[in-house]
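Notes follow once the structure below has been shown.
Please treat every number below as a calculation from the coordinates, not as lab data. Since the structure is predicted, the reported quantities are computational estimates derived from the model, not experimental observations. Methodologically, a virtual Cβ is constructed for each residue, glycine included, from the backbone with ideal geometry; neighbour enumeration extends over all protein chains shown.
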Amino acid sequence: MANKKNAISTDTSLDVNGMRHGARALVLKPVLRGTENSTHDIASLLEEAVGLAMAIGLEIRESLSLNVARPSASILLGRGQVDSLASKVQEDEIALVVVDHALSPVQQRNLERAWKCKVIDRTGLILEIFGARARTREGQLQVELASLNYQKSRLVRSWTHLERQRGGFGFMGGPGESQLEIDRRLITARITKLKAELEQVRRTRGLQRHARERARHPTVALVGYTNAGKSTLFNCLTGARVLAKDMLFATLDPSMRGIKLPSGREVILSDTVGFISELPTHLVEAFRATLEEVQLADIILHVRDVTHPDVLIQKQAVEDILSDLGIGPDDTRLIDVMNKVDLLPASERMNLRDYAERGGAVVLSALTGEGIEDLLVLLDEELALRTEIYDMDISLSEGAALAWLYGHGKIIERTDKRTRCHLSAALDSADFGRFIRKFGKIVHVKH
């Protein structure tokens, strides 16, 4: 059995902050000069930051937005603001200050010294939530990888405990080796191992994807801003019981289920982690194995909370992340799903439906079921549009090619003549491409 001292702890709620459930917290939203009059609603952003903090069970004593005229390289905020907040932290016995902004390691360390409590920035907070929510082995690997990459820049502050955990490694260097170098070796080795394990996950997903392709099941991926209602919609469509709460990042691990459309066509529906604005690049990188399901989906449903005051900002945040994945806003696979219309007045719902019909979107309530049938019909129509008729001449001796067509498409007409047959087959463009790559040299296509 491996010595427990040799393991690097992956419990980010302890490694990063040492915080326990119910710790008293202060949430701060710095508003830097030039962003005060932006399209962002500062009150909504502060509310989102509070929601993120509450998602890991912190007791929020107060939340404040702070105008920052000249961001300080050493503390981000103004000196007067830091001193004033130090008194508040002491009076309210605050254990953790959440700064909803990116902090450099120096800024984080100096603020901790000034306030004499733990400080965490937006990236660290999101990592805390991911660490608390990951349930599958894949999710845990991805969270740990993202956390270790984040911690690399904060070695001096956060990782001095690794020496006590590491035990005696003969290859780690002698006692004269610096603590920082030892910690760096441990983290680098662990990152390498995690990347190898996630590569195996990616290969496994690839095999599963090929199996679905052989079974002729198109895939439909749900994406959207966190708490937009993706999991509620997933449950409504599939009858599953995926965790669906009015909480940011209620779902982290992806779920997949088969559903049947009105035409009888079967598709695979995939629920993914919610997106959020200012999501650090290395978090997107760490979850790329999961997000491959979105990249390779036949249809991508962008679920939006139309009742949120920052619905357009959230839409842009999701589109930015999709763009990083190579999925542009003009991608024909994207369909807008305007959710939570049950919370809107009747007049607004009517106007929204008119707008959606003109734009090829769908309006629904995943909670009440309103508009679900419209979504299913739209999915059927979109998948049908991807099907075309191809005329082919194939030798009767090419049994593998004929079997492939019968297994992946629909044969509309067939005429056999001596040693050859003429086929009219309905295939979607993706399957036609696969067919040509596999059998193009032996098949004559008229299209």
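Under 19 Å from the Cα of K410, which aspartates and glutamates turn up, not counting those fewer than eight places away in the same chain?
Output for K410: E213, E266, D298, D380, E381, E382, E388, D391, D393, E398, D428, D431.
Excluding R349 itself, what net charge comes from residues whose Cβ is under 15 Å from its Cβ, given Lys and Arg +1 and Asp and Glu -1?
Local net charge: -4.
Mind listing the long-range amide H neighbours of K118? Cut-off is under 5 Å, sequence gap 5 or more, other chains count too, H placed in the peptide plane at 1.01 Å from N.
Amide H to amide H, under 5 Å and 5 or more residues apart or across chains, K118 pairs with V97.
In nm, what is the difference between 0.36 nm times the number of residues separating K116 and S72 and their Cα-Cα distance?
Separation in residues times 0.36 nm, less the Cα-Cα distance, equals 13.9 nm.
Would you please give the residues with an amide H less than 5 Å from that of L58, counting only those at least 5 places away or on a separate chain, with H modeled from the backbone geometry?
G22
Could you tell me which of the pairs K417/K441; K118/K193; K230/K315; K152/K193; K152/K195; K230/K340 are separated by over 18 angstrom between their Cα atoms in the structure shown?
Flagged as over cut-off: K417/K441; K118/K193.
Taking θ = phi - 60°, what integer Hz values does the Karplus form 6.51 cos²θ - 1.76 cosθ + 1.60 yield along segment 262-271, in sequence order, with x for Gly and Pro?
Coupling constants for segment 262-271: x, 6, x, 5, 9, 10, 9, 9, 10, 9 Hz.
Per residue of segment 224-230, what does 6.51 cos²θ - 1.76 cosθ + 1.60 with θ = phi - 60° give for ³J(HN,Hα)? Whole Hz please, x for Gly and Pro, Karplus curve as stated.
x, 5, 4, 6, 7, x, 4
Alpha carbon centre of segment 318-369 versus segment 402-447: separation in Å?
Going from one Cα centre to the other spans 37 Å.
Using θ = phi - 60° and the Karplus relation 6.51 cos²θ - 1.76 cosθ + 1.60, list the HN-Hα couplings for segment 434-443 in order, rounded to whole Hz, with x at every Gly or Pro.
5, 5, 5, 4, 8, 10, x, 6, 10, 10
Using only the Cα atoms of segment 259-375, build the gyration tensor, take square roots of its eigenvalues as a ≥ b ≥ c, and label the shape rounded, prolate or oblate: rounded if a/c is under 1.5, else prolate if a/b is larger than b/c, else oblate.
Verdict is oblate for segment 259-375.
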